[in-house]
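Notes follow once the structure below has been shown.
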Amino acid sequence: MAKSGGGFWKGVFWVILIEALAGVIGVLVVQFGGFPMGADAHPSQLEAQLGHWTHDAWVQHHAPNVADPVPVNEQTLLAGAALYQGNCAACHGGEHYTNSPLGRGIYPGAPQFMRFVEYQRTHPKFKLPHETPAQEQARNDHSFFVVKHGIRFTGMPAWRYNMTDTQIWEVVNFLHHMGHLPPNVEQAWKQMPMSPIPVPVAAPATPAKAGKTMKKK
Ligand code: HEC
């Protein structure tokens, strides 16, 4: 009895010793500048997996379970296209901007949505995998949640400070249709100016009101 008890405490001692040593080594690596903090570093396999695991668990537990309140039609897709081109294309790629250098220059890099759009344009026979309504809703809810709250430790901003919930749904609907848009919407999207600086799409003031306040000053 006494012997096995001693073995247990020996085990505890070794675990504590190894953890303390790992801690000291970690501190030394950081102290001597051994941990790459540049945004052009490449994430290690472990870092990427830990990130995905934490992200997926967070979204799964907190994303809303609601039906998309914005109907998908030409008008709402156009609104989504303008929001996307003005706010998201700089990092995720858009018309006139297929591979975003800005998106590449942040760590971790921004997924290039435009590449998938181009694939769909050049492969007209490609069909998105079939989804049940429940799967489609889960995908919408996931995107809505991520766009609204952003992704911590990455360049993905929380858009709740710039966009209303309706606008976020519009941009999410656009995101999920950007590879197979109605021709009118696709044409209009191609004409939209691309701005690396977010355009104030969410500003509710009308031009007339803005003029008045300027005169007051
Ligand atoms: C400053 C750069 C930047 C801007 C601007 C930006 N994003 Fe992102 N976004 C990122 C990065 C980086 C990631 C990847 C984060 C990660 O690795 O988890 C990301 C991830 C995402 C994802 C998750 C993709 C996935 O695989 O699940 C969605 C959806 C998304 N962004 C949508 C948008 C929308 C919509 C906008 C505009 C309203 C936008 N982003 C604007 C940098 C940006």
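Scan (1) in contact with a helix residue (DSSP H, G or I) (Cβ under 7 Å, 6 or more places away or on another chain); (2) outside any helix (DSSP H, G or I); (3) not aromatic (F, W, Y) for the single condition P36 breaks and write down its number.
Only one criterion is unmet by P36, namely (1).
I need the full set of residues from the range 80-103 which are near the ligand (Cβ under 10 Å from one of its atoms) and either surrounded by fewer than 19 Cβ atoms within 10 Å (Cβ to Cβ) or polar (S, T, N, Q) (or both), in order please.
Within the range 80-103, Q85, N87, S100, L102 meet the criteria.
Every residue, every condition in (1) away from the ligand (no atom under 11 Å from the Cβ); (2) assigned to a loop (DSSP other than H, G, I, E, B), yes or no:
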{"residue": "P111", "(1), (2)": "no, yes"}
{"residue": "M114", "(1), (2)": "yes, no"}
{"residue": "K125", "(1), (2)": "yes, yes"}
{"residue": "P129", "(1), (2)": "yes, yes"}
{"residue": "A138", "(1), (2)": "yes, no"}
{"residue": "V147", "(1), (2)": "no, no"}
{"residue": "T154", "(1), (2)": "no, yes"}
{"residue": "I168", "(1), (2)": "no, no"}
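It is to be established whether one or more residues within the range 63-71 are closer than 20 Å to V171 by Cβ, within 16 Å of the ligand (Cβ to nearest atom) and in a helix (DSSP H, G or I).
No: the range 63-71 contains no residue that is closer than 20 Å to V171 by Cβ, within 16 Å of the ligand (Cβ to nearest atom) and in a helix (DSSP H, G or I).
Return only the number of the condition from (1) within 8 Å of the ligand (Cβ to nearest atom); (2) farther than 19 Å from A82 by Cα that W159 does not satisfy.
That leaves (2) as the condition not met.
Bear in mind that the values in this text are calculations on the coordinates, not laboratory data. Predicted model only: the values in this text are computed from it and were never measured. Every residue, glycine as well, gets a Cβ built from its backbone with ideal geometry; the counts of neighbours run over all protein chains shown.
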